[in-house]
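The structure appears below as structure tokens.
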Amino acid sequence: MPDGYSSNLARCVDVEKGRIHGMKSHDCHVFMETFLPIAFSSLPIHVLNPLIEINHFFKDMYSTSLNRESLLRMEENIPIIICKHERIFPPAFFDSMEHLPIHLPYEALLGGQVQYRWMYPFERW
Amino acid sequence: MSKPYMFLTCLIPGPSNLKACIDVFLEPLIDDLKKLWSGVLTYDISKRQNFIMRVNLMWTINDILAYGMLPGWGTHGKLACPHCMEHHKSFTLNYGYKTCWFDSHQRFLPIDHPFRRNVKAFRKGEVETDGPPLRLTPMQVWRRVKDLPKITESGTKRIDGYGEWHNWTKRSIFWDLPYWKHNLLRHNLDVMHTEKNFFDNIFNIVMNVVRKAKDNDKARKDLALYCRRRDLELKAQGNGKMVKPKANFTLSTTEVKQVCC
């Protein structure tokens, strides 16, 4: 991994108790983008695949060059991905945050790359 | 976005959350923006001459809680989604008492998608025939909010029907900007927080984090009520206690330890 890409994730891990805690927003981002398919690889394949699909969705969303066709494709795909999650997880899992990704491609179509529209630069201060 | 291009325009004193009253503190800022929209004389140091500078507020960047404060559409309860507005399909869980968006995403699928007719995997026995909610143009939103009360120093007044058929708390001060009703994307959903909360939910439920995973006994009772998934329902034991069967989406203790290594 390139220097400065992520903070030291090992500090969040408690190996003896088998816990990971105290992850910051960017740690979650790095985990979601890179480690999720590896870390959860022992899940059955029909559970793992929708998780990897959502991981790819967010990864595409963060791309520094977005084009119209790919955004329209993402807009078609995201309901299918969330429906696949609905087949696996219990209803209590679906709070408002599980619903919002549905609208993200539309906002990206209007507003452009997420790098100019997210809160990372402000949360640093 | 680096330090020289950042500009602190206003600092709002605490300690309590302002909620909708934030408009009172934003008024000087909006006044400045209005003046800047009509143009102010500015000196260009490279050309050594004056020019008329005009400034336009493109959008606001805020987390979901501030989303409830700035545009005046509350982000609590069933009507929390600022895009779907009153065309939502969320409901309150019977045992968990939480607002839930389960089964409200099939309507975004194409009309002939097999998921829409699936009566087993989603909410039991229901076929989805509705289309996606309408997207309002900025003008349509303006027509809805133009008669709502503005916030003054005297405080907020509850608008009739709040939480029932709308979630409007006020007419936001941003509508005073002359170009705001032509602006397609006025407030951004923050991708960073959406992803973080999404990830937290997945991570907690898969790693089965104690007290944080949304897979408790109440969730299983709701599951029995809304879905047809016998293998996940609570099972009665001989001694009167209920036992929660292990779900296929959680990792076992040894697997969790493997993840940590």
Does B:K214 satisfy the condition of being within 27 Å of A:E123 (Cβ to Cβ), at pLDDT below 85 and facing another protein chain (nearest Cβ under 7 Å)? yes
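Against the definition (within 7 Å of chain A (Cβ to nearest Cβ) and either open to solvent by less than 40 Å² (accessible area, probe 1.4 Å) or touching a His at 6+ places or on another chain (Cβ under 7 Å) (or both)), how does B:F203 come out, yes or no?
Details: within 7 Å of chain A (Cβ to nearest Cβ): no; either open to solvent by less than 40 Å² (accessible area, probe 1.4 Å) or touching a His at 6+ places or on another chain (Cβ under 7 Å) (or both): yes.
When the stated conditions are applied, B:F203 does not pass them.
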Pairing a residue in the stretch A:49-63 that is part of a helix (DSSP H, G or I) with any residue that is of a type in the set (G, A, S), where Cβ atoms lie under 8 Å and the two sit 6 or more apart in sequence or on different chains, gives A:D60/A:S70; A:M61/A:A108
In the stretch A:76-113, which residues are farther than 20 Å from B:R186 by Cβ, among the polar types (S, T, N, Q) and at pLDDT below 90? none
Can you go through B:S90, B:S38 and tell me which one is exposed (fewer than 13 other Cβ atoms within 10 Å of the Cβ) and in contact with a Lys or Arg (Cβ under 9 Å, 6 or more places away or on another chain)? B:S38
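What about B:P28, is it touching a residue at least 12 places away in the same chain (Cβ under 8 Å), open to solvent by 40 Å² or more (accessible area, probe 1.4 Å), in a helix (DSSP H, G or I) and not hydrophobic (A, V, I, L, M, F, W, C)? Reasoning before the result, please.
Working: touching a residue at least 12 places away in the same chain (Cβ under 8 Å): yes; open to solvent by 40 Å² or more (accessible area, probe 1.4 Å): yes; in a helix (DSSP H, G or I): yes; not hydrophobic (A, V, I, L, M, F, W, C): yes.
Here the answer is yes, as B:P28 does meet what is asked.
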Can you tell me which of (1) open to solvent by 40 Å² or more (accessible area, probe 1.4 Å); (2) in a helix (DSSP H, G or I); (3) under 30 Å from B:R143 (Cα atoms) is the one B:T194 doesn't meet? (1)
For the stretch B:221-238, state whether one or more residues are of a type outside the set (D, E, K, R), without any contact (Cβ under 8 Å) to a residue 12 or more places away in the chain and surrounded by 13 or more Cβ atoms within 10 Å (Cβ to Cβ). yes
I'd like the full set of residues that are surrounded by 15 or more Cβ atoms within 10 Å (Cβ to Cβ) and among the aliphatic types (A, V, I, L, M), limited to the stretch B:239-251. B:A247, B:L251
Among (1) within 12 Å of chain A (Cβ to nearest Cβ); (2) without any contact (Cβ under 8 Å) to a residue 24 or more places away in the chain; (3) open to solvent by 80 Å² or more (accessible area, probe 1.4 Å), there is one condition B:E164 misses while meeting the rest; what is its number? (1)
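From the set of residues in the stretch A:1-46 that are in a helix (DSSP H, G or I) and of a type in the set (A, V, I, L, M), which is nearest to B:K196 (Cα to Cα)?
Taking the stretch A:1-46 first, the residues in a helix (DSSP H, G or I) are A:9-12, A:25-39, A:45-46.
With of a type in the set (A, V, I, L, M) added as a condition, the list becomes A:9-10, A:30, A:32, A:36, A:38-39, A:45.
Details: A:L9: 15, A:A10: 19, A:V30: 10, A:M32: 9, A:L36: 13, A:I38: 19, A:A39: 17, A:I45: 24 Å.
For the stretch A:1-46, the residue satisfying everything is A:M32.
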When you go through (1) hydroxyl-bearing (S, T, Y); (2) under 30 Å from B:R229 (Cα atoms); (3) open to solvent by less than 40 Å² (accessible area, probe 1.4 Å) one by one for A:S63, which number turns out not to apply? (2)
Output for the stretch B:172-185, where each listed residue is surrounded by fewer than 20 Cβ atoms within 10 Å (Cβ to Cβ) and either outside the structural domain of B:L70 (by TED's automatic domain parsing) or in a loop (DSSP other than H, G, I, E, B) (or both): B:L177, B:P178, B:Y179, B:N183, B:L184, B:L185
Output the number of residues of the stretch B:167-195 satisfying the condition of being closer than 11 Å to B:V145 by Cβ and touching a residue at least 40 places away in the same chain (Cβ under 8 Å). 8
Within the stretch B:93-109, count every residue that is open to solvent by 40 Å² or more (accessible area, probe 1.4 Å) and either out of contact with any helix residue (DSSP H, G or I) (no Cβ under 8 Å at 6 or more places or on another chain) or in contact (Cβ under 8 Å) with a residue 40 or more places away in the chain (or both). 3
Inter-residue pairs, beta-carbon under 6 Å, first part of a loop (DSSP other than H, G, I, E, B) and in the stretch B:112-138, second among the aliphatic types (A, V, I, L, M), 6+ apart: B:G125/B:V119
When only residues in the stretch B:59-99 that are assigned to a loop (DSSP other than H, G, I, E, B), more than 8 Å from every other protein chain (Cβ to nearest Cβ) and under 18 Å from B:K181 (Cα atoms) count, which is nearest to the chain's Cα centre (by Cα)? B:P82
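The values are calculated or read from the model by the stated rules, or taken from the named source; none is laboratory data. Since the model is a prediction, treat every value here as computed from it, not as a measurement. Note that each Cβ is placed from the backbone with ideal geometry, even for glycine, and that neighbours are counted across all protein chains shown. Note: accessible area is taken over every heavy atom of the protein model, side chains too, but ligands, DNA and RNA are not part of it. Shrake-Rupley method; radii C 1.70, N 1.55, O 1.52, S 1.80 Å.
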